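See below for the structure under consideration.
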2 protein chains.
Amino acid sequence: MVQQRLTERELRAWRTSFQMLELLRTRIEQQLQADSGLSNADYTVLALLSEAPDGRMRPYELGQVAGWEKSRMHHQLTRMGKRGLITREQCGPRGVDAVITAKGLATLKKAVPGHAQEIRRLFIDPLTAEELDEFARIAGTILDNLQADQPADIGDA
Amino acid sequence: MVQQRLTERELRAWRTSFQMLELLRTRIEQQLQADSGLSNADYTVLALLSEAPDGRMRPYELGQVAGWEKSRMHHQLTRMGKRGLITREQCGPRGVDAVITAKGLATLKKAVPGHAQEIRRLFIDPLTAEELDEFARIAGTILDNLQADQPADIGDA
DNA sequence: CGTGCTGAGTTGATGTATCAACTCAAGAGT
DNA sequence: ACTCTTGAGTTGATACATCAACTCAGCACG
C-alpha cells in the first residue's frame, strides 16, 4: 500500500467517486456518439449556443460558462466549423462570434431526447429524489470551492 | 431552452455534478503533471501495479480493475514503457506482464504525498465527514448501476 | 481431423485535451 | 505621443482516448 496520507475511508471515497465519474462520462459519450455523432464537447457547445440569444456567443464567453480554457474552445470550434455545426462571424473590430448553424441546431434537437434519456437512466433513476438533491448539493459545495480556489485561466467576467 | 425531458431540478443536478467532476479531474491532473510529470492515467497504472504482488499484472487484468478497454491500456503501457516507468515481460506462452520498474516506483512514491494532499484539499476538506460518506455512498450506487448495466468490453473475469 | 469461435494483444486512424508560445488591438499611465 | 500591460484569439506540438480491424493461440464441437 502506497497511500499514506489518506485514510482507507477517504481513499475509497475518492476512488469510487473518480471511477464513477469516468465510467458515467464514457457511457454518456458513447450513447451520444452512436446516436447522433456528437461528442460531449460538441453537445455542450451546441446546447450553450442554442440557449444564447440569436444562437451566438463570443468564444471566451463560451469558455467561461463551460469552464474550458481558450485554446480548447478554439480547437473545438474549429473542428465543429469543419463539420458545419457552427460558423465564426466577425462582430465588431476584433470580435468573433461563434454562431450555431441550422444544421447544428437540427443535430442538437435530434440528439436531445436520447441524451436526456441516458442521463436519466444512468444518473437519475438509480437514485431517490432525496439522494439526487443531496448529491447535487454536495457537488455544488465542491464546485464552489474549486472555482474560488485558483481560477487559473478562466477568470470571472 | 432545448431540454424537454429533464426537469429544471434534474438538469441542474446533472450539470453541476458533471462540471464539478470535470473541473476536479482537471485540477488533480494539473497538480500531478506539474509536480511529478505523471498524468492521472500514469498514476492509476503505477498505483495498481505497486499494489500487485511483485509489481506485475497482465494488461487485461489491469484493464478490468481500472475499467479501461484493452487498446487504451495497451497504448498507455506503450507510452509508459518509452519513459521507463514500466516494462513488458513475457510470462508463459502467450502471456505478457506489465511490470513496474524501479524508476516507476520511485516516481510514484515521490508523487503520492502531493497527490494525496491535493485530493484532500479539493475533495475532502470542503466537506464534513458525513457529507463525504454520503457522497461516496451515492457515487457507489451509481457506479454499481453502471457496472451492472452493459459491461461492454470489460467483462468480469 | 478440421472448422470456427473466443479472447488477449496489437496496430493505425481519428478525435479530443493540454501546454507553451505567439499576434495584435485596446487601454493605462507617464 | 510612447511604452507597457492586458486579454482575446490563434497556432503547433504532444499526450491521451476511442474505434475498427487485425493476429494468433487455444478451445469446442462436429
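Looking at the range A:6-84 from every direction and averaging, what is the projected area of its Cα convex hull in nm²?
So the Cα hull casts an average projection of 6.8 nm².
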Starting from the Cα of B:ARG72, step 7 Å along the direction of its Cβ; do the same at B:THR128; then give the gap between the two resulting points in nm. 3.6 nm
Roughly how far apart, in whole Å, are the Cα centres of the range A:90-144 and the range B:56-132? 31 Å
The range A:9-145: D in µm²/s via Stokes-Einstein (Kirkwood Rh, Cα pairs, 20 °C, 1.002 mPa s)? 129 µm²/s
Calculated label separations, A:GLY140, copies of the chain, 7 Å along the beta-carbon direction, nm: 2.6
Chain B, rotation onto A, residue closest to that axis via Cβ, with its distance in Å: B:LEU21, 2
Given the candidates A:ILE119, A:SER50, A:ILE86, the one whose Cα lies deepest towards the positive end of the charge dipole of the range A:9-145, counting +1 at each Lys or Arg C-beta and -1 at each Asp or Glu C-beta, is A:ILE86
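Keeping all protein chains in place, calculate the accessible area per residue for the range A:1-144 (probe 1.4 angstrom), answer in Å².
With the other protein chains kept in place, the range A:1-144 gives 48 Å² per residue.
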Taking A:ASP133, A:ASP54, B:ASP35 and ranking on accessible area (1.4 Å, protein atoms only), highest first, one gets A:ASP54, B:ASP35, A:ASP133
How large is the dipole of the range A:9-145 about the Cα centre if only Lys and Arg carry +1 and Asp and Glu carry -1, each at its Cβ, rounded to the nearest 20 debye? 640 debye
Suppose each label sits 7 Å from its Cα in the direction of the beta carbon; what would the B:VAL96-A:THR87 distance come out to in nanometres? 4.9 nm
Diffing the range B:55-71: the Karplus 3J(HN,Hα) column from phi (6.51, -1.76, 1.60, θ = phi - 60°), in whole Hz with x for Gly and Pro, holds x, 9, 8, 6, x, 5, 5, 3, x, 5, 5, 7, x, 9, 7, 4, 6
In debye to the nearest 20, the charge dipole size for the protein assembly as shown, taken about the Cα centre with +1 at each Lys and Arg Cβ and -1 at each Asp and Glu Cβ, equals 1400 debye
Positive end of the charge dipole of the range A:8-120 (Lys, Arg +1 and Asp, Glu -1 on Cβ, about the Cα centre): tell me which of A:LEU21, A:TRP68, A:GLY37 has its Cα farthest that way. A:GLY37
What 222 nm value per residue comes from the helices of chain B, counting each DSSP H run with n ≥ 4 as -39,500 (n - 2.57) and dividing by all residues, nearest 500 deg cm²/dmol? -21500 deg cm²/dmol
Whose amide H sits under 5 Å from the amide H of A:THR101, counting only residues 5 or more places off or on another chain, with H placed in the peptide plane? A:ILE86, A:THR87
Hey, for B:THR87 with labels 7 Å out along Cα-Cβ, what do the inter-copy distances come to in nm, ordered shortest first? 5.9
Projected onto their principal axes, the Cα atoms of the protein assembly as shown stretch, largest extent first, over whole-Å spans of 61, 42, 37
What are the label-to-label distances in nm, one decimal and shortest first, from A:ALA106 to the same spot in the other copies, with labels 7 Å along Cα to Cβ? 6.0
Karplus-derived 3J(HN,Hα) from phi for the range A:23-31 (6.51 cos²θ - 1.76 cosθ + 1.60, θ = phi - 60°), whole Hz, x at Gly and Pro, runs 5, 4, 4, 4, 5, 4, 5, 4, 4
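The values are calculated or read from the model by the stated rules, or taken from the named source; none is laboratory data. Computed from a prediction, not measured in an experiment: that's the story for all the values here. Ideal geometry is used to build each Cβ from the backbone, glycine not excepted, and the neighbour counts take in all protein chains shown. With ligands, DNA and RNA removed, areas are computed over all heavy atoms of the protein, side chains included. Shrake-Rupley method; radii C 1.70, N 1.55, O 1.52, S 1.80 Å.
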